[in-house]
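J.: Pasting in a structure now, in structure tokens, and then I'll have a few things to ask.
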Amino acid sequence: MADSAIARDVNCLLDPSVSVRKAALLRLEHGVRARGEEEIQELGSDAVIKAILRRFADPSEKCRCLAVSILLSLLEIIPGCVVSLLPYILPVVSERLPLRSLPDEVEFGTKVGQEALLEPSEEVRLLLVRLLTSLLNHAPRLIHPFASEVASIIMVTATDSYPEVLMETMTLLERFTDTMDQKIKPIAKQLVSVILRLLVHNRYKVRVAALRAVHRLVLCGAHESIYDLTAYQDPNLVPIKAFYHPYTKTQYLALLATDKSVAVRKELLWVIASWLMKLDERKQHEVRLVPYVISGFNDSDKEVQALAFQLMEEIGRQYESENENEVRDMKQYFQESTENILIGSEALPPVFKHRPCLGARILVRNCFSVLLYAIDADLHAWTSGTKELSSRFLYTVLIFVEENATMHLEPLCNLFIKACGDLVVQKAILECAKVVGFFVDPSAYLPIILPHLSGELSGQSTIQNAGRTLKILSSFLAGTPSSLLAKHPPDICSSLTEQDLLTSIDSDVNSGIVLSCKAMVAASCEDELALLWIILHAISAAEFSRKPSEMAESVLRDLARASRRESSDKLLADHADSILSMLPDPEFWIMRSLQPFIFRRLLIAGAACGNEILNGLLLPILSGGTGCIAESVRETILSTLGHLEHDINLKLLVDAKTKLSQTEDL
């Protein structure tokens, strides 16, 4: 392209006709594409570039688009010629994207209108942002004097409605923060406040790009923005505007942690881990950031779970290297095993490749008291999703805390008992109690949980409260190793034999007692008669309520095997005299009580073990006469004898039935 031709095209750029200006720009663009060395140098002259810059304000959208595109191409081919005119380029771009009036803090749901944008074309705005990014790439040091102009342009384009412009703006912002580093600190927080709305954008790619930009800004001095990201509100500081209109704060990190996109959730984990390892003020924000890494352990995606465990290990290793004095003693005096852990008979969730490192456990332990308060509040939320997430989160946290949960046993027990009544989280809460039982010694949790059975601590001596408490107790016992539980069954049996619990027909109380007995049987409890007495009442309560008693019968069989009896009937027969002596005299047996059902179970066991046992059971009842036997007792004995007649034919049965029948009219 000859000098005369270029000069003619430059003059044509001032022509009032749109078609003439457009044709001239197309010829210039063609000359750039030709990439002849002489032609490129001629196009890179100050006069040509300044003429092209004037077309940035052309009334025709096509002309503006061609002008920006030509300058962007020249910048890639001959950056030196374009960068030399940086004092002219940035003011022109600022005129097209002026910062007029933007709020200091854009809240979630706020729509920022396009009145702040002078350039109406989305394509031109996109090219302008790309031009700035290219300038930063080719002349990072020369951009420092114009940092305020670049920051203003970023604030404007960050409110754009075009997703491509938003993503390019985030790329520009990342490059800008890399260039300015800590010099951007005075405006870093303001930039974050403008970007916050993009964290909830409809497109996941925009959310990822915005999250990366926020990550860089926080590391460059905007660490206080973490308070906004986590919706932290100092209880002692109330904003003035909260007194005049509704004031809400959005928990952006929580929204990102539950984002539908796997890419967003992965990026969040990387960002949080980076802050916890690189941020100078990380100690100040640990309690707010650590929960988001732990929440990744319960993610629905396996890759996110694995990434969460990997990052938590890296964070923990760094904590160990930074706190050698604290960690050294623990490693010296306590055994550090990296093997997997068995809680009861079940292994930890698959996400735990091995026991968490010591640094990670200490980090979570330091935050546990605050986390426990927040978890308690979430477990009482009105949404089932929140409660489910909180219960699974608590389970993961307890695995990290291990035996250090001992100092928080009282609030933990209160939390477990209250939450156990909610069917939505009951199963998860029982699993949490099993974890506590595994790591905490029974001598620590029994003095706290057992008084709840009588309502001494909670002030609620209701059967419903006792049922929930028994379920938690049974989970504690199920998780406790048998070697630690062996010396504690007498205290447990003493609490379980309280009259209100022993004679209750509530299904929760019944199942809690049975499961507690099952754990004590597994621990080789030596108090065989006490356990048998409790289990018999559980069987009788189930029969009285006309509910299945298979679970209690199974525990009875386990107790028989543990005591080396061939059957549960043999175990009952051997202790029949002791059990009868513990029962009140038959004349005091009342209707709608468990005593006749206990006697009926003894009769069945006696019939299975032979005539002598059966005679020993019936003779004390019949020898005193039958007139004093309550109607319910008589009906129970008659029905049992009628059932046993099919298996055994004894004269005693006939005599007993005759005597009992003679009292039907009494």
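The values are calculated or read from the model by the stated rules, or taken from the named source; none is laboratory data. Just so it is clear, the structure is predicted and the values come from calculations on it, not from any experiment. Positions of Cβ are backbone-derived with ideal geometry, glycine not excepted, and every protein chain shown enters the neighbour counts. Accessible surface is based on the protein model in full, side chains and every heavy atom, while ligands, DNA and RNA are left aside. Shrake-Rupley method; radii C 1.70, N 1.55, O 1.52, S 1.80 Å.
J.: Determine which member of the set Thr480, Thr406 is open to solvent by 40 Å² or more (accessible area, probe 1.4 Å), over 20 Å from the mean Cα position of the chain (by Cα) and of a type in the set (Ser, Thr, Tyr).
T.: Working: Thr480 fails: open to solvent by 40 Å² or more (accessible area, probe 1.4 Å).
Unique residue meeting the criteria: Thr406.
J.: Could you tell me how many of the residues in the range 427-453 are surrounded by 15 or more Cβ atoms within 10 Å (Cβ to Cβ) and under 17 Å from the mean Cα position of the chain (by Cα)?
T.: Summing the residues that are surrounded by 15 or more Cβ atoms within 10 Å (Cβ to Cβ) and under 17 Å from the mean Cα position of the chain (by Cα) in the range 427-453 gives 7.
J.: If I ask for residues that are of a type outside the set (Gly, Ala, Ser), part of a helix (DSSP H, G or I) and over 11 Å from Tyr252 (Cα atoms), which ones from the range 208-227 would you list? Give the derivation first.
T.: From the range 208-227, those of a type outside the set (Gly, Ala, Ser) are 208, 211-212, 214-220, 223-224, 226-227; that's our starting set.
Restricting the remaining residues to those that are part of a helix (DSSP H, G or I) gives 208, 211-212, 214-219, 226-227.
Val208, Arg212, Val214, His215, Arg216, Leu217, Val218, Leu219, listed by residue number.
Here is a yes/no grid of residues against (1) modelled with pLDDT of 90 or more; (2) open to solvent by 20 Å² or more (accessible area, probe 1.4 Å):
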residue	(1), (2)
Val68	yes, no
Leu75	no, no
Val82	no, no
Phe108	no, yes
Val124	yes, no
His144	no, yes
Glu164	yes, yes
Leu172	yes, no
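J.: Which numbered condition in (1) open to solvent by 40 Å² or more (accessible area, probe 1.4 Å); (2) touching a Cys at 6+ places or on another chain (Cβ under 7 Å); (3) modelled with pLDDT of 90 or more; (4) not polar (S, T, N, Q) is the only one that Lys185 fails?
T.: Failing condition for Lys185: (3).
J.: Same structure, new question: Here's a check for you: in the range 353-378, which residue that is at pLDDT below 90 and among the basic types (Lys, Arg) is farthest from Leu398 (Cα to Cα)?
T.: The residue in question is Lys353.
J.: Here is a follow-up. List every residue pair whose Cβ atoms sit under 7 Å apart, with the two residues 6 or more apart in sequence or on different chains, where the first one lies in the range 11-33 and is more than 17 Å from Leu72 (Cα to Cα) and in a loop (DSSP other than H, G, I, E, B) and the second, anywhere, is open to solvent by less than 80 Å² (accessible area, probe 1.4 Å) and small (Gly, Ala, Ser).
T.: Leu13/Ala24; Leu13/Ala51
J.: Something else: Of everything in the range 135-155, what is part of a helix (DSSP H, G or I) and over 19 Å from Val68 (Cα atoms)? Give them in sequence order.
T.: Just the residues of the range 135-155 that are part of a helix (DSSP H, G or I), to begin with: 135-138, 144-155.
Hits for the range 135-155 are His144, Pro145, Phe146, Ala147, Ser148, Ala151, Ser152, Met155.
A quick yes/no check of all residues on (1) over 24 Å from Thr480 (Cβ atoms); (2) surrounded by fewer than 16 Cβ atoms within 10 Å (Cβ to Cβ); (3) free of Cβ contacts under 8 Å to residues at least 60 places away in the same chain:
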| site | (1), (2), (3) |
| --- | --- |
| Ala522 | no, no, yes |
| Leu532 | no, no, yes |
| Ile539 | yes, no, no |
| Ser549 | yes, no, yes |
| Ala562 | no, no, yes |
| Ser568 | yes, no, yes |
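J.: Restricting to the range 504-520, give me the number of residues that are open to solvent by 40 Å² or more (accessible area, probe 1.4 Å) and farther than 14 Å from Ile535 by Cβ. Quick ask: steps written out before the conclusion?
T.: So in the range 504-520, the residues open to solvent by 40 Å² or more (accessible area, probe 1.4 Å) come out as 505-508, 515, 518.
Subset that is farther than 14 Å from Ile535 by Cβ: 505-508.
Total satisfying the criteria: 4.
J.: Now for a different question. Condition test on Asp491, is it modelled with pLDDT under 85 and in a helix (DSSP H, G or I)? Outline the logic, then answer.
T.: Numbers: modelled with pLDDT under 85: no; in a helix (DSSP H, G or I): yes.
Taking the combined requirement at face value, the residue does not satisfy it.
J.: Scan Leu199, Leu191, Leu135 and give me the residue that is touching a helix residue (DSSP H, G or I) at 6+ places or on another chain (Cβ under 6 Å), touching a residue at least 24 places away in the same chain (Cβ under 8 Å) and within 24 Å of Leu86 (Cα to Cα). Even if it seems obvious, please write down each step before you answer.
T.: Working: Leu199 fails: within 24 Å of Leu86 (Cα to Cα); Leu135 fails: touching a helix residue (DSSP H, G or I) at 6+ places or on another chain (Cβ under 6 Å).
Answer to the selection: Leu191.
J.: Do you know which of the residues in the range 348-382 that are open to solvent by less than 40 Å² (accessible area, probe 1.4 Å) and of a type in the set (Gly, Ala, Ser) is nearest to Gly421 (Cα to Cα)?
T.: Ala381
J.: Given the options Ser475, Ser483, name the one that is farther than 20 Å from Ser369 by Cβ, out of contact with any helix residue (DSSP H, G or I) (no Cβ under 9 Å at 6 or more places or on another chain) and not aromatic (Phe, Trp, Tyr). Can you show your working first?
T.: Working: Ser475 fails: out of contact with any helix residue (DSSP H, G or I) (no Cβ under 9 Å at 6 or more places or on another chain).
Exactly one residue qualifies, and that residue is Ser483.
J.: Among the listed residues Val218, Val192, Val264, which satisfies the condition of being modelled with pLDDT of 95 or more and β-branched (Val, Ile, Thr)? Let's see the steps before the verdict.
T.: Values: Val218 fails: modelled with pLDDT of 95 or more; Val192 fails: modelled with pLDDT of 95 or more.
Sole residue among the options that is modelled with pLDDT of 95 or more and β-branched (Val, Ile, Thr): Val264.
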